[in-house]
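Undergrad: Okay, handing you the structure first.
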Amino acid sequence: MTFSGFQLLKNALNGGTGWRPHWRKAEPKPAYDVVIVGGGGHGLAAAHYLAKEHGVANVAVLEKGWIGGGNMGRNTTIIRSNYLLPGNIPFYELSMKLWEGLEQDLNYNAMVSQRGVLNLAHTDGQRDAYARRGNAMRLHGVDAELLDREGVRRLAPYLDFDVARFPIVGGLLQKRGGTARHDAVAWGYARAADRRGVDVIENCEVTGLRREGGRIVGVETTKGFVGARRVGLSVAGNSSRVAALADMRLPIETYALQAFVTEALKPLVDGVITFGAGHFYISQSDKGSLVFGGDLEPFPSYAQRGSLAVFSDVAENAMALMPMLGRLRVLRGWGGLMDMTMDGSPIIDRTPVDGLFFNGGWCYGGFKATPAAGFCFAHLIATGAPHPAAAAYRLDRFATGRVIDEKGVGPSPNLH
């Protein structure tokens, strides 16, 4: 079924009885050309682009739970391409361009809303750093606008300007940034991949990676062995665990990251705002709730939950930026798993095992990277060569010294 205004009207009149499931409840076949481990946004996007761009439709996506039930549904939905380093800017700008055409490509409402992303500056040095970042973005053809204090006030008058603990001196604005609905992105990619012949297989956990003569030949699952000529790993917070099945040790540590939602308000926060004096970011959902988050838990963990200490830190940052938030009730919070690399940038590359490919280590950037990560991972799997936009995301860069340290804090994953 193709979604359209006509279909919406037709099913409104017949009580919604004409809608069909978005994708088939597929069971694994004995073998595929490509098996992608991980049914989150990246894995589903890779399957979609393998079929669409490269004509490889004999593909299975294996998800241990349900589609959208992992990290894909545990983020704060922000999309942007306001990066500084040459290794990152082309990739995230490719992702932004794919976001801008995503709903037409998938024939699905992913609720992409380009409301703008504003990074606040609180010191002269930080404003200079944003000027440098903005200039780097513009040199790569990415939109960026440096604002002074009054420019920020006109855009967000509800921020604390007069008696602020951390005075606002300016900001960097990317108007094309914004948010997208995380669940809808996963569902849209699953539906689009299924329409092109991909098997989307839920409740199918991978328990082993079978190799013969140094080459991958398939995966062991809770539904039996599934053969494959090529296997792509795209499992977010479980990257190290799954890679260990192939005796690989990755340059990654896993940490929990919390996010929170308040009670609903009338429209207040137009776009996305990040607090330059602390790790805090906030936006407003379509239902009126304020969505915000902050720093990682300070210790490695695979637990999808957070601690009161981090919540207190996030609340303190929120109050420093917008004291009015102190009167709001927080309805719920959740934790997602962050694969943190040693330089804060991701990996999309072949592995030492022939036929085994890896996509992971996304740190904070996983959701915003979804379209480009899937696009570039599909290119790598189909051709064996990295896509030019992701050529810097090599697995061996930590051995060669070609790191992409966007934050400039060195090889400490929990500081990125």
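Undergrad: Considering the range 336-416, what Rg and Dmax in Å follow from its alpha-carbon atoms?
TA: Over the range 336-416's Cα set, Rg and Dmax evaluate to 12.4, 35 Å.
Undergrad: Continuing with this model, one more query. Quick one: what do you get for the range 280-330 if you divide its Cα Rg by 2.2 N^0.38 Å?
TA: My calculation over the Cα atoms of the range 280-330 gives 1.24.
Undergrad: May I pose another question? Could you work out, for the range 120-208, what percent of all Cα-Cα pairs fall into each 10 Å distance bin, beginning at 0 Å and stopping at the bin that holds the largest distance?
TA: Taking all Cα pairs of the range 120-208, the binned fractions are 14, 28, 19, 16, 18, 6 percent.
Undergrad: Heavy atoms only, probe 1.4 Å: what % of the accessible area of the chain goes to carbon and sulfur, would you let me know?
TA: Whole-percent figure for carbon plus sulfur exposure: 53.
Undergrad: Which whole-number percentage describes the relative contact order of the range 30-104, with Cα contacts under 8 Å and a sequence gap of 6 or more? Walk me through the numbers before you get to the answer.
TA: Values: 65 pairs, mean separation 20.1, N = 75.
With pairs under 8 Å counted, the relative contact order is 27 percent.
Undergrad: Sticking with this structure for a sec: Counting Lys and Arg as +1 and Asp and Glu as -1, each charge on the Cβ, what is the dipole of the range 20-115 about the Cα centre in debye, to the nearest 20?
TA: Details: 10 positive and 8 negative charges, 63 e Å.
I would put it at about 300 debye.
Undergrad: Taking a temperature of 4 °C and a viscosity of 1.567 mPa s, what whole-number D in µm²/s does Stokes-Einstein yield for the range 159-259 with Rh from Kirkwood over alpha carbon pairs?
TA: Once the numbers are plugged in, D ends up at 71 µm²/s.
Undergrad: Report the number of Lys pairs in the chain whose alpha-carbons are under 16 Å apart, with separation of 8 or more residues or on distinct chains.
TA: Taking the Cα cut-off of 16 Å, the pair count is 8.
Undergrad: Here is a follow-up. Tell me the net charge near Gly214. Cut-off is 15 Å between Cβ atoms, Gly214 excluded, with +1 for each Lys or Arg and -1 for each Asp or Glu.
TA: Every neighbour counted, the sum reads +3.
Undergrad: From largest accessible area down, sort Tyr302, Tyr108, Tyr49; use a 1.4 Å probe on the protein chains.
TA: Per-residue accessible area, sorted high to low, gives Tyr302, Tyr108, Tyr49.
Undergrad: Keeping all protein chains in place and using 1.4 angstrom, which order do Trp19, Trp362, Trp66 fall into by accessible surface area, from largest down?
TA: Largest accessible area first, the list is Trp66, Trp19, Trp362.
Undergrad: Which value in deg cm²/dmol, rounded to the nearest 500, describes the helix-derived mean residue ellipticity at 222 nm for the chain, given -39,500 (n - 2.57) per DSSP H run of n ≥ 4 and division by the residue count? Can you show the working numbers first?
TA: Values: 11 runs with 115 residues, N = 416.
Mean residue ellipticity, 222 nm, calculated: -8000 deg cm²/dmol.
Undergrad: Right, next: Mind grabbing the base-10 log of I(q)/I(0) for the chain at q = 0.07, 0.14 Å⁻¹? Debye formula, identical points on the C-alpha positions, no solvent, two decimal places.
TA: With one equal scatterer per Cα and no solvent, log10 I(q)/I(0) is -0.33, -1.29.
Undergrad: I would also like to ask the following. For Thr254, what residues show an amide H to amide H distance below 5 Å, using hydrogens built from the backbone and excluding near sequence neighbours?
TA: Amide H to amide H, under 5 Å and 5 or more residues apart or across chains, Thr254 pairs with Ser301, Met340.
Undergrad: If the only charges are +1 at each Lys and Arg Cβ and -1 at each Asp and Glu Cβ, what is the size of the charge dipole of the chain around the Cα centre, to the nearest 20 debye?
TA: My answer is approximately 760 debye.
Undergrad: Another question, then. Could you tell me the relative contact order of the range 122-235? Use alpha-carbon pairs under 8 Å, at least six residues apart, and round to a whole percent. Walk me through the numbers on the way to the answer.
TA: Numbers: 111 pairs, mean separation 19.2, N = 114.
About 17 percent, as a whole number.
Undergrad: Still on this structure: What does the convex hull of the alpha-carbon atoms of the range 243-386 project to on average, in nm²? Walk me through the numbers before you get to the answer.
TA: Working: hull surface 41.2 nm².
One quarter of the hull surface, i.e. the mean projection, equals 10.3 nm².
Undergrad: Taking springs between alpha-carbon atoms closer than 10 angstrom, which of Asn317, Asn75, Asn14 fluctuates most in the Gaussian network model of the chain?
TA: Asn14
Undergrad: Quick check for you: with a 1.4 Å probe and neighbouring chains kept, what is the accessible area per residue of the chain, in Å²?
TA: Result: 42 Å² per residue.
Undergrad: Which residue fluctuates most in the GNM of the chain (Cα springs below 10 Å): Pro21, Pro386, Pro157?
TA: Pro21
Undergrad: Sticking to Cα atoms, compute the Rg of the range 60-207 to one decimal and its Dmax as the biggest Cα-Cα distance, whole number, in Å.
TA: Both quantities, over Cα of the range 60-207: 19.1, 59 Å.
Undergrad: If you average the sequence gap of Cα pairs under 8 Å that are 6 or more apart and divide by the length of the chain, what percent do you get for the contact order? If you can, show how the numbers build up before the last one.
TA: Numbers: 947 pairs, mean separation 91.2, N = 416.
22 percent.
Undergrad: Rank these by accessible area, largest first, 1.4 Å probe: Arg241, Arg176, Arg24.
TA: Arg241, Arg24, Arg176
The values are calculated or read from the model by the stated rules, or taken from the named source; none is laboratory data. Being a predicted model, the structure only gives us computed values, none of them experimental. Because the Cβ atoms are built from the backbone with ideal geometry, glycine has one as well, and the counts that use them run over all protein chains shown. Accessible surface is based on the protein model in full, side chains and every heavy atom, while ligands, DNA and RNA are left aside. Shrake-Rupley method; radii C 1.70, N 1.55, O 1.52, S 1.80 Å.
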